[in-house]
Structure formats: C-alpha cells, structure tokens
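One structure is given below, encoded as structure tokens.
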Amino acid sequence: MTISLREIWPIEKQDDYKVHFARWGGTAQPLEVFVRDKREWQEWQEYRPKRNDFNRPYVFSLVQFYHETDAWLFGGIFRVLGRHEDRYDVELLDAGRAFIGRLKLHSPYRGRTTRPKLENHYDSFEVQEILREPYSGRQFPGYEDIDLSFEELETLVKNDRPDWKAALENTKGIYLISDTNAGRRYVGSAYGDQGIWSRWCAYVASGHGGNVELRALVNDPTLDYCRANFRFALLEHRTIRTPDEIILSREAFWKRILLTRGAQGLNRN
C-alpha cells in the first residue's frame, strides 16, 4: 500500500509553490552537490534562467536520487526574497526541515520543465522512504562493485563515510582512473602504510594526487574538470599485510593489459 505525501505532509495554498526538480544538466549531479556543500546547493535555487521560473513565493526543492529510478530526495523549502535579472535571493525555511535529506519521494516526472507548479504534482508524490539519517552518500557496495564518479568519491570523502572508510583504509590494491573526456586511463596502487582510502582522499584534495600526467589535466583549483570527467574503479584489493612487491607487480600487470603507458594512457612508467 502506497503512502501519499499528502497523508504525512498536508500543504495548503499549493499555488504559492513551485517545485524544483533538480536533475543532472550535463555537468554536475545535484545529489552530490546537495551532500557535499549546502551553500552550493542553495546556489542551485538562486540560479535564474532567462525566464522567471520562480515566480511564486516558495520553492519545494527535490534532488534527483539518480541511483534509483524515479526517486527524489527532499532538499528543503526556500522562500524567494528577491528576483534579479541574473539570480534569485532565497532563504531556507524551517518548514519540513526534519525531512531534508531524509524524505525520498517517488515521481515518474519526465517533463522538460524543471520548475513546474506544485499543484500539478503534489497529489502524485508517493513516500518511498524516510531515511534514519540525512543522506551522506551511498552504502559501500562491496569490493567487487566499486565504480565511482569523482563527484561521488568527493561526497564520500567529505562526509567521512564510515562504511567506505572502514573497508578501504586498511586495504592495499590496484585502482583505475578513467578520463571520460580524453578517453585515457591511469592505473595506480596503494601500498606501504597507505591504504586505498588515504590514496583516494589525496585525489579528492587535489584532483591529481601528485601524478604528473593527471596534474597536466587538472589545472583548475575548482576541480570542475575532475567532477565532469574522472571515474574511479577498484581493480584488485589485498590485505594490508600483502608485501609491497606483490602490489607493484600487479600494478605493472594492469598497466600492461590496459595499455595505460604512452599515448594511449596516463601512466609514464
């Protein structure tokens, strides 16, 4: 039996609201923006296109939960304080604050308009789930199923996700970084007393982790290139007691078979 949003949250004067269906627009996943930086998330509400889309007092903001089909995470209710030619001034209200980052709704919305009228969708919203804690990144999927965008890795690191950290901080291994824009790949390894978690934290901090070829690509301190193009995958994982020479040997193996040396890849040696 489904539960409608109306049953747990009656909203009067729906014609005072616009819905913001925040979804991927080609550069950033709004879900990762929402989790990593609430100020940046507010800027998504302040953005004004050519049309005056937020032409009502309030914005009922939803974040596309892109890991699941037709799922949306509640991102807050914002009051529009001012309308300018290039932006809106907004403030986050206390209304529904306990649901922010926790309330997941189901809606099969596919329309091109990202800021429609609330009354056209309110009755169709179904409560999919209320999380115990505000969303801070997806759960660790197991070593064999790690495939992350830079944005998602950044979210996990900045929130210090305990399940990911526990699994990776005392684990050596071989990993792959793919640049989807250039079509080139980099094979790296975590060995010595540095686990995979620590190594990947270095990439989140700088974008390049000190690697020469990656450094040449990442010359923007905003990390926008990384967020748009880098993906991380774990090729092998080993216990922290594994001798370093085994890790280095396996790293050389993956470089050879994935052709990551020379013009086709991002490894120099």
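Tabulated values for the structure
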{"read-out": "Test for Gln42: is it polar (S, T, N, Q), modelled with pLDDT under 95, out of contact with any Cys (no Cβ under 6 Å at 6 or more places or on another chain) and surrounded by 13 or more Cβ atoms within 10 Å (Cβ to Cβ)", "value": "no"}
{"read-out": "Close pairs (8 angstrom Cβ cut-off, 6 or more residues apart or separate chains): at negative phi in region 247-260, polar (S, T, N, Q) and in a loop (DSSP other than H, G, I, E, B) anywhere", "value": "Trp254/Thr260"}
{"read-out": "Region 166-193, residues that are loosely packed, with under 15 Cβ neighbours inside 10 Å and either more than 20 Å from Ile257 (Cα to Cα) or touching a strand residue (DSSP E or B) at 6+ places or on another chain (Cβ under 7 Å) (or both)", "value": "Ala166, Thr180, Asn181, Gly192, Asp193"}
{"read-out": "Tally, over region 113-135, of residues that are assigned to a loop (DSSP other than H, G, I, E, B) and more than 16 Å from the chain's Cα centre (by Cα)", "value": "9"}
{"read-out": "Subset of region 194-203 (residues that are surrounded by fewer than 22 Cβ atoms within 10 Å (Cβ to Cβ) and touching a strand residue (DSSP E or B) at 6+ places or on another chain (Cβ under 9 Å))", "value": "Gln194, Gly195, Trp197, Ser198, Arg199"}
{"read-out": "Pairs, first touching a residue at least 40 places away in the same chain (Cβ under 8 Å) in region 176-197, second among the hydroxyl-bearing types (Ser, Thr, Tyr) and assigned to a loop (DSSP other than H, G, I, E, B), C-beta under 9 Å, six or more apart", "value": "Leu176/Thr260; Arg184/Thr260; Arg185/Thr260; Tyr186/Thr260; Val187/Thr260; Tyr191/Thr242"}
{"read-out": "Options Arg138, Arg110: the member that is free of Cβ contacts under 8 Å to residues at least 40 places away in the same chain, outside any strand (DSSP E or B) and either outside the structural domain of Phe65 (by TED's automatic domain parsing) or at negative phi (or both)", "value": "Arg110"}
{"read-out": "Flag for Arg36 being in contact with a Ser or Thr (Cβ under 8 Å, 6 or more places away or on another chain) and over 24 Å from Asp123 (Cβ atoms)", "value": "yes"}
{"read-out": "Subset of region 172-201 that is modelled with pLDDT of 95 or more and among the aliphatic types (A, V, I, L, M) - its residue that is farthest from Pro243 (Cα to Cα)", "value": "Ile177"}
{"read-out": "Residue, surrounded by the most Cβ atoms within 10 Å (Cβ to Cβ), within region 214-269, restricted to residues that are within 22 Å of the chain's Cα centre (by Cα) and hydroxyl-bearing (Ser, Thr, Tyr)", "value": "Tyr225"}
{"read-out": "Among residues of region 59-83, those that are on the phi > 0 side of the Ramachandran plot and at pLDDT below 95, counted", "value": "0"}
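The values are calculated or read from the model by the stated rules, or taken from the named source; none is laboratory data. These figures come from a predicted structure and were not determined experimentally. Glycine gets a Cβ as well: all are built from the backbone with ideal geometry, and neighbour counts include every protein chain shown.
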